[in-house]
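The values are calculated or read from the model by the stated rules, or taken from the named source; none is laboratory data. No experiment lies behind these values; they were computed from the predicted model shown. Positions of Cβ are backbone-derived with ideal geometry, glycine not excepted, and every protein chain shown enters the neighbour counts.
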Amino acid sequence: MSLIPVDEALARLLGDVERLRTEYVALPDALGRVLAEPVTALRTHPPFDASAMDGYAVRASDIATVPTVLTVIGESAAGRRFIGHVDDGQAVRIFTGAPMPDGADTILIQENAERAGDMITAMEVVAKGRHIRGAGLDFRQGEPLLEPGRRIDPAALALIAAADLTQVPVVRRPRVGIIATGDELVEPGRLRTDDQIVASNNFGIAGIVHEGGGEPVDFGIVPDDEFAIGETLDRAMAGGCDIVVTLGGASVGDHDLTAKVFAAKSIDLAFWKIAMRPGKPIMAGRRGDTRFLGLPGNPVSAMVCAHLFLRPLVARMLGTSTTTNIWRARLATPMAANEQRQDYVRAIARNVPDGIVVEPMSVQDSSMLKSLAMANALILRPPHAPAASKGDVCDIVVLRHIT
């Protein structure tokens, strides 16, 4: 297969992906999940007219002129309303959040009343309805509150609880199997030979899946052996993985076996090799309902490809936005003309008074994780982009918060 542009590869990857099914979870377990159906209020909130201040529930007509003396006939507190009726010349001591007594239509705040025993003197005229939260001020029973596709953050969770839902309709999390391949890899903390390296890609990719709302499943390290890779792919599919990600072995060397195993397992490839850097040797395919991504073994290449392809794939299965977070910035230094591949250059972006400036990091080798961890953006350089000068406007892919 020839190299294809990034946008075309993404379109092929996402074109026929559908949102996963709806499941119901208990309210405390809904945080961070994606709503699958609209949330409609099961009750009115607040369910009654309530006081917004500590003071006295009175009739506005009684305090049209001041000072006026009123008789306190009882008390209304949150969760314990006054039973009775407020008539002419009467008042009820009331606290914030307490139900309004029948007959009262305004709140005289306690700072504007002088009390002596069961009598108060109103010292200020208050308009009818003042300091009262009307029933349904926030929302009413049957009112739609949240739309599908909303990630449930703490504020949304509180709203769902106030709407009286105990079970929340959410999209099932995509289950993402992660398979690291390579004789040279060893788990962190394990004994290794001088020719081996510590596996890191699986942890980074799992983090991207988790942040995106998916469920990562680590299938460990698999040696450079076609049978072993194939057997692990079978286990991932049998384990209900919606997406299977392989790390390494996607190129064309003698020890790059992933493409051969994909073919042996009848995985229909949507693409193999993209006109991008880092990350040219990336494969995507499908078998039945399972999607496959073969990412490069170089750590930076794997992470960049995961940001650009795996994250949108998870988002599409969740029914959320698949758009990459691209901002505009100005270059802090000149950049050379680009070649035929789309470049994603690790960089540090920062806010300045007149916008965002971005500076490419000096070394861009695809094996260097330290520079990726330090970077908060990727400068997007289109194929055949001409040389750029300091101050030129460019697109950046935002990786982390820009300060």
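Details
- Residue within the range 14-23 that is of a type in the set (V, I, T), surrounded by 15 or more Cβ atoms within 10 Å (Cβ to Cβ), touching a strand residue (DSSP E or B) at 6+ places or on another chain (Cβ under 7 Å) and closer than 27 Å to R140 by Cβ present: no
- Any pair with Cβ under 9 angstrom, 6 or more apart, that starts in the range 341-364 at a residue that is exposed (fewer than 14 other Cβ atoms within 10 Å of the Cβ) and ends at one that is of a type in the set (A, V, I, L, M, F, W, C): N351/V357; N351/I402; G355/A329
- Taking strands (runs of 3 or more DSSP E) as the structural unit, no element lying wholly within the range 216-308 holds at least 3 residues that are free of Cβ contacts under 8 Å to residues at least 24 places away in the same chain.
- The number of residues in the range 86-114 being more than 21 Å from D138 (Cβ to Cβ) and in a strand (DSSP E or B) comes to 9.
- First in the range 97-110 and under 10 Å from V126 (Cα atoms) and free of Cβ contacts under 8 Å to residues at least 24 places away in the same chain, second anywhere and of a type in the set (K, R) and part of a loop (DSSP other than H, G, I, E, B), Cβ under 9 Å, 6 or more apart: none
- Residue count, the range 388-403 (criterion: under 8 Å from R330 (Cβ atoms) and either modelled with pLDDT under 95 or crowded, with 16+ Cβ neighbours inside 10 Å (or both)): 1
- For R19, the conditions (1) part of a strand (DSSP E or B); (2) within 20 Å of the chain's Cα centre (by Cα) are fulfilled apart from (1).
- Search result, residues across the range 129-164 that are closer than 10 Å to T40 by Cα and either surrounded by fewer than 16 Cβ atoms within 10 Å (Cβ to Cβ) or out of contact with any strand residue (DSSP E or B) (no Cβ under 7 Å at 6 or more places or on another chain) (or both): R140, Q141, G142, E143, P144, E147, D164
- Residues of the range 314-325 that are in contact with a Pro (Cβ under 8 Å, 6 or more places away or on another chain) and in a helix (DSSP H, G or I): V314, M317, L318.
- From the list I4, I73, I63, the one residue that fits, being of a type in the set (V, I, T), surrounded by 17 or more Cβ atoms within 10 Å (Cβ to Cβ), in contact with a strand residue (DSSP E or B) (Cβ under 7 Å, 6 or more places away or on another chain) and at pLDDT below 95, is I4.
- Summed over the range 76-92, the residues that are touching a Ser or Thr at 6+ places or on another chain (Cβ under 9 Å), crowded, with 22+ Cβ neighbours inside 10 Å and under 15 Å from A60 (Cα atoms) give a count of 2.
- Those residues of the range 24-42 which are surrounded by 15 or more Cβ atoms within 10 Å (Cβ to Cβ) and either hydroxyl-bearing (S, T, Y) or in contact with an Asp or Glu (Cβ under 6 Å, 6 or more places away or on another chain) (or both), in sequence order: A41
- Of the listed requirements (1) assigned by TED's automatic domain parsing to the domain that holds G117; (2) in contact (Cβ under 8 Å) with a residue 12 or more places away in the chain; (3) part of a loop (DSSP other than H, G, I, E, B), I83 misses just one: (2).
- Test: residue in the range 169-183 that is farther than 27 Å from S321 by Cα and among the hydrophobic types (A, V, I, L, M, F, W, C): yes
- Hey, T181 in the same structural domain as L145 (by TED's automatic domain parsing) and of a type in the set (S, T, Y) or not: no
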